[in-house]
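To keep things clear, I will list the structure first and then write my remarks on it.
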Amino acid sequence: MNREVIEAINALAKEKSISKEVLFSAIEEALKSAYKKSLKKAPAGMPNVRVVLDRDDGTVQVFARKVVVDEVFDDTTEISLEAARAIQPSYEEGDIVETEVTPRNFGRLAAQAAKQVIVQRIREAERGIIYDEYIEKENEILTAIVKHVEGKNVFVELGKTEGIIDPGHMMPGEEYAIGDRLKVYVLEVQRSSKGPQVLVSRTHPGLVKRLFELEVPEIQSGVVQIKSIAREAGSRTKMAVFSSDPLIDPVGSCVGPRGARVERVVAELKNEKIDIIKWSSDPAEFIANALNPARVLNVIVSDKEKACRVIVPDNQLSLAIGKEGQNARLAAKLTGWKIDIKSQTQAEQAEEEEAAAQEPEAEEI
């Protein structure tokens, strides 16, 4: 070891934001193992040693540590009281005696060990820094570049690390070509032996929310709030918005001038349909809005069961339900209410049947 190595440790610690003391301590532990391995004869018991690395000039010293005992059974870890007092008269049983045992050629071995430790610790520190950076990006949106496709997984470049889109988080029908740029939602960041593993999604409702936050200044300022989102990725999304300022239209803010803002989000999501509806604290009004584009005549709510019956014009029934029930399904997810949709004719028939069932039967003569 020499002064140059110490200077290198100081410089690397500063550059990589690693504690110098952590590096020095790790090198001392490595040197301790190196010393034990360098012993030509295997002792009855491995020696207990302490390695001291001078933080200024790089000098390395190895000290054998032995316990003072009345009778020695293992001279690699024990020393007699008589021998200890020959070194220093004040020693008593149970004390630790240290004697220097630094080999002559230990400097070269120390330099090799130091180099290995520095490389390893720098790699670990860099992984730790990257992990700390990306763990703060969970539930955020990032721009990714498709790197390669391996099996059913798509690997994307996220800057300092790599992200993975597994099959469950790929949009149906979306194709991924190397070099494609796309927005992804960070689901989870995990530690691994190869560095942080970032799981990202193209299907999570949070992706839609973050995209609108990027596009709509009123959402960034907090005036317009996204209250809830229901999404069937690649097909359709419903998003409920609210404005704390009565002079600002939350739906219009998200749509943007001539639909520019919502169009940019739709383009990023490969033409996924997006219904932006006005949130209301009144469940009946909120449910009616959620069934857009269908026109609703009446909403009868049952707070106890958190269920409701929605009545729509006869010609609006199929629109309210949607293809394969999608519109009604998304409206239920968006509002959190069970929704039973009836046409006006169906509702009138149901009322007549209920009324007839409640009439008393005529008495027989």
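Details
This table checks each residue for (1) buried (at least 19 other Cβ atoms within 10 Å of the Cβ); (2) among the hydrophobic types (A, V, I, L, M, F, W, C); (3) in the same structural domain as residue 183 (by TED's automatic domain parsing); (4) at pLDDT 95 or above.
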site	(1), (2), (3), (4)
237	yes, no, no, yes
247	no, yes, no, yes
306	no, no, no, no
326	no, no, no, yes
332	yes, yes, no, yes
346	no, no, no, no
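- In segment 187-208, of all residues being in a strand (DSSP E or B) and touching a Pro at 6+ places or on another chain (Cβ under 9 Å), the one that is surrounded by the most Cβ atoms within 10 Å (Cβ to Cβ) corresponds to 189.
- Conditions (1) basic (Lys, Arg); (2) touching a strand residue (DSSP E or B) at 6+ places or on another chain (Cβ under 8 Å); (3) farther than 29 Å from residue 323 by Cβ; (4) without any contact (Cβ under 8 Å) to a residue 60 or more places away in the chain: number failed by residue 209: (3)
- Pick from segment 55-73, criterion more than 30 Å from residue 108 (Cβ to Cβ) and in contact (Cβ under 8 Å) with a residue 12 or more places away in the chain, ranking: surrounded by the fewest Cβ atoms within 10 Å (Cβ to Cβ): 70
- Scanning segment 287-320 for residues that are among the β-branched types (Val, Ile, Thr) and touching a residue at least 24 places away in the same chain (Cβ under 8 Å) turns up 287, 296, 301, 310, 311, 312.
- Residue under evaluation residue 270, criteria (1) farther than 24 Å from residue 344 by Cβ; (2) surrounded by fewer than 15 Cβ atoms within 10 Å (Cβ to Cβ); (3) basic (Lys, Arg), criterion not met: (2)
- Scanning segment 1-37 for residues that are at pLDDT 80 or above and of a type in the set (Asp, Glu) returns 7, 21, 28, 29.
- Residue within segment 249-271 that is part of a strand (DSSP E or B) and in contact (Cβ under 8 Å) with a residue 24 or more places away in the chain present: no
- Residue match in segment 193-216 (condition: among the polar types (S, T, N, Q) and modelled with pLDDT under 95): yes
The values are calculated or read from the model by the stated rules, or taken from the named source; none is laboratory data. Source: prediction; values computed, not measured. Every residue, glycine among them, receives a Cβ derived from its backbone with ideal geometry; neighbour counts consider all protein chains shown.
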